[in-house]
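For reference, the structure is listed below as structure tokens.
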């Protein structure tokens, strides 16, 4: 895994244009940095807009808990709380 | 926390796959057309970002997400019973999709439920007796976005499906090379895709032995007479006719006979339907734990593909048509109603490419000035029909609600 990431980083340096990532601009607000840093590390932030606006606080909490418990996301407790607050406020019902 | 750098690295690797000589993907974005391609009823948030994107070797698809790669086919791609390779949808859970060298590619076959073990190269696979099947590959979550109330997940409209002519070796012939022990109960499959973060469960699926041994279950290396596109599982993938796409492992690298139920996340709690809610025949008993059970075969369904809801037509004769499919029992009838479901008339069925394939159908509508409603209902050979109302379930599976579209005639 680590070797893979290193190879990718090397590729990035060699050909910066490779990262033609989907352009997702989430709403500004407290907690956005935690969302980008944690959620965005493993998957496109498009999943957030795609799943809006129909989840309430409990719904977003369940998604973040799933990412930590089932998907193994290494999200510190404080970050998780900030993420749920951000998602509920900006992408909730 | 992972770093931004690792994130960009993996994204670059994903996006970079398989493109031109320089390895640079040509991504053409067209936000306006993408919004128009969305199925009515999907969550409103999708419109705020969705674009059409053109991956190497593909025509424009609706880009729901690029990491993992999830690209839906627009309605126009469903006007033929065979979906061309460059119009076929793309669906992954994980984000690292390696480019595989066909020369060094291998499938490991073994497990505690097998008498032996072996390795197969692509050439080995191609030397085995070859079989073909035309079969629908439909994501379990196709139409999830139409759930009411909405449920979390990839919010697919109508286009997370396609139908191709697949060619490959029978899985049962591959399993015969190692021999199954009598106590083998499931066959597990892994693909070459992997997560960005190594604690994320790898995508591994299993089938009951009876389905693995079915003569229609193949390890395919050809799709519509050509090698599989990268994003559809190059160089070889599992074909499980009749069952939903979750079992159709792409980039297959291992086939493992098990004497105990596969215990990974993607078998349980993922991909489950409530027991007793759907009229499915095929059961996966070694994975059945109340209150739910693995999704298995597709429910009978149809899609009107000639017109969008709200399309403008000229009054008089209008040919309305689409596709119908099911879990492999075969389509017996597609009936159409122009009076909101009070009376029904049989549509004309088109080319029969086999019981696992899309079955085209068409109906001559005598459109009157103003609003004309069209409902379609497919019925299979064992008498199953589509439903009038949604059988809601937490993961948004098996949505086969009859469509009711309006054509505006002038």
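The values are calculated or read from the model by the stated rules, or taken from the named source; none is laboratory data. All figures in this text were calculated on a predicted structure; none of them were measured in a lab. So basically every Cβ, Gly included, is an ideal-geometry build from the backbone, and we count neighbours across all protein chains shown.
Please verify whether residue A:81 is at pLDDT 95 or above and more than 11 Å from chain B (Cβ to nearest Cβ), treating the condition exactly as stated. Criteria met by residue A:81.
State all residues of segment B:368-384 that are farther than 29 Å from residue B:296 by Cα and crowded, with 21+ Cβ neighbours inside 10 Å; if no residue qualifies, say none.
Of the residues in segment B:368-384, the ones farther than 29 Å from residue B:296 by Cα are B:368-374.
Correct list: B:374 only.
Checking each residue in segment B:180-202 for being in contact (Cβ under 8 Å) with a residue 12 or more places away in the chain and in contact with a helix residue (DSSP H, G or I) (Cβ under 9 Å, 6 or more places away or on another chain) picks out B:180, B:184, B:185, B:186, B:187, B:189, B:194, B:195, B:196, B:197, B:200. Picking from residues in segment A:32-60 that are in contact with a strand residue (DSSP E or B) (Cβ under 9 Å, 6 or more places away or on another chain) and assigned to a helix (DSSP H, G or I), the one that is nearest to residue B:41 (Cα to Cα) is A:50.
One line per residue, one yes/no per condition, for (1) modelled with pLDDT of 95 or more; (2) buried (at least 18 other Cβ atoms within 10 Å of the Cβ):
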| site | (1), (2) |
| --- | --- |
| A:13 | no, no |
| A:17 | no, no |
| A:37 | yes, no |
| A:44 | yes, yes |
| A:57 | yes, no |
| A:69 | yes, no |
| A:87 | yes, yes |
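Figure legend. Inter-residue proximity from segment B:53-77: first residues in the same structural domain as residue B:162 (by TED's automatic domain parsing), second residues in a helix (DSSP H, G or I), beta-carbon distance below 9 Å, spacing 6+ or different chains. No pairs are indicated. Condition first: surrounded by fewer than 16 Cβ atoms within 10 Å (Cβ to Cβ), facing another protein chain (nearest Cβ under 9 Å) and touching a helix residue (DSSP H, G or I) at 6+ places or on another chain (Cβ under 9 Å). Can you find one or more residues in segment B:104-117 that meet it? Taking every residue of segment B:104-117 in turn, none turns out to be surrounded by fewer than 16 Cβ atoms within 10 Å (Cβ to Cβ), facing another protein chain (nearest Cβ under 9 Å) and touching a helix residue (DSSP H, G or I) at 6+ places or on another chain (Cβ under 9 Å). Within segment B:385-399, the set of residues being crowded, with 21+ Cβ neighbours inside 10 Å and in contact with a strand residue (DSSP E or B) (Cβ under 9 Å, 6 or more places away or on another chain) comprises B:386, B:397, B:398, B:399.
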